[in-house]
Structures are given as structure tokens and as C-alpha cells.
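Chemist: The structure follows.
The values are calculated or read from the model by the stated rules, or taken from the named source; none is laboratory data. Because the structure is a prediction, the values reported are computed rather than measured. Cβ: placed from backbone, ideal geometry, glycine included. Neighbour counts: every protein chain shown.
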């Protein structure tokens, strides 16, 4: 992937939970992401493709960018989720994951803001719960961006 994105963090005074990663270069549909999602191994990239498609379908205001080498979904440039493929699993990540309700306990990570869900081929995943997290992340960042 040849595109390098530059993010700027928008901070809201006295409340770190409202910080957003903004990518001015985000676009409605990035063909480079389609190419990335078509790589091998097919088993892992098909999982990534499925969940990035879910990000893309959240709303008409979803745009995207390649950030840190992986597809990132944004709302008018404000990042809310990403997918990344590793050797034996796929991460579906959330830029404000630390603030999302997670009643099914899918989220992993200990960062100040970000969390992810690991998906391994052959391991049963509560797909409806991950759909809910993606929708919540979309609504969360959309609300933060409008403040």
C-alpha cells in the first residue's frame, strides 16, 4: 500500500473521551482498499472484507482511508473503525472502543481509547454482537464529531 495518511487529533478541552482522529484525505470509496481486501490468504481476507463491508454500510456519510497499512472507516474524516489481517487472525478495531458498551465482552485491549475484536477462522463469533459494536462505534463517533 503506497498511501500514507496523516491524522490530526481534535481534542475537546477537559474531556479526553471526546478526542477524534481526523483524516482530511478520507474519501467515499478507496479502490486501494478493495485491492487490499482481495489479498491472500483468502480465509483471513474474506473475514476482513465481510467486516469492512459492514463498516461501509453504516451510513451514506461513511468515507475511508488506508491508515497504518489497513482499511479505516470514517465519518466525514473522523475515524471510527478499521480491519487488519495478521498471520492467524483478523482484528476489527474501534477508535473509541474504550467508551463503547460491550455486554458480550468481545472487545480486547487496554489503550486509552482504542479496542479491537480478534476473529480467528474456525472459532464461532457472536456476529450480531460485532454488528452492534460497529453500529455503536458509528453512532458514537458521529455524535462526537457533531459536538
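Chemist: Quick check on the stretch 47-63. Is at least one of its residues assigned to a strand (DSSP E or B) and on the phi < 0 side of the Ramachandran plot? First the steps, then the outcome.
Modeler: Keep residues of the stretch 47-63 that are assigned to a strand (DSSP E or B), which gives 62-63.
Retained after the next criterion (residues that are on the phi < 0 side of the Ramachandran plot): 62-63.
Yes, the stretch 47-63 has at least one match.
Chemist: Of the conditions (1) modelled with pLDDT under 95; (2) outside any strand (DSSP E or B); (3) surrounded by fewer than 11 Cβ atoms within 10 Å (Cβ to Cβ), residue 87 fails just one. Which one is it?
Modeler: Answer for residue 87: the failing condition is (1).
Chemist: Could you tell me whether residue 70 is in contact with a strand residue (DSSP E or B) (Cβ under 6 Å, 6 or more places away or on another chain), crowded, with 24+ Cβ neighbours inside 10 Å and in contact (Cβ under 8 Å) with a residue 12 or more places away in the chain? Full working, then the answer.
Modeler: Working: in contact with a strand residue (DSSP E or B) (Cβ under 6 Å, 6 or more places away or on another chain): yes; crowded, with 24+ Cβ neighbours inside 10 Å: no; in contact (Cβ under 8 Å) with a residue 12 or more places away in the chain: yes.
No: the conditions fail for residue 70.
Chemist: Anything in the stretch 111-131 that is in contact (Cβ under 8 Å) with a residue 24 or more places away in the chain and surrounded by 12 or more Cβ atoms within 10 Å (Cβ to Cβ)? List them, or say none.
Modeler: 113, 116, 117, 118, 119, 120, 121, 129, 130, 131
Chemist: Pairs under 8 Å by beta carbon, first residue within 20 Å of residue 114 (Cα to Cα) in the stretch 18-41, partner assigned to a helix (DSSP H, G or I) and modelled with pLDDT under 95, six or more apart or different chains?
Modeler: Cβ pairs passing all conditions: 18/144; 20/144; 20/145.
Chemist: So if I check each of 71, 121, 103, which one is in contact with a helix residue (DSSP H, G or I) (Cβ under 6 Å, 6 or more places away or on another chain) and either within 19 Å of residue 146 (Cβ to Cβ) or part of a loop (DSSP other than H, G, I, E, B) (or both)? Break it down into steps so the answer makes sense when it comes.
Modeler: Numbers: 71 fails: either within 19 Å of residue 146 (Cβ to Cβ) or part of a loop (DSSP other than H, G, I, E, B) (or both); 103 fails: in contact with a helix residue (DSSP H, G or I) (Cβ under 6 Å, 6 or more places away or on another chain).
After applying the criteria, what remains is 121.
Chemist: To continue, here is another question. Taking residue 143 and the conditions (1) modelled with pLDDT of 95 or more; (2) out of contact with any helix residue (DSSP H, G or I) (no Cβ under 9 Å at 6 or more places or on another chain); (3) farther than 27 Å from residue 38 by Cβ, which numbered condition does it fall short on, given that it satisfies the others?
Modeler: (1)
Chemist: Continuing with the same structure: Residues being at negative phi and in a loop (DSSP other than H, G, I, E, B): count how many of those fall in the stretch 14-46. Walk me through it before giving the result.
Modeler: Step one: of the stretch 14-46, the residues at negative phi are 15-46.
Imposing the further condition that a residue be in a loop (DSSP other than H, G, I, E, B) reduces the set to 15, 19, 23-26, 28-30, 38-41.
Here the count works out to 13.
Chemist: Report yes if residue 141 is within 17 Å of residue 57 (Cβ to Cβ) and in a helix (DSSP H, G or I), otherwise no. Steps first, answer last, please.
Modeler: Details: within 17 Å of residue 57 (Cβ to Cβ): yes; in a helix (DSSP H, G or I): yes.
The answer is yes for residue 141.
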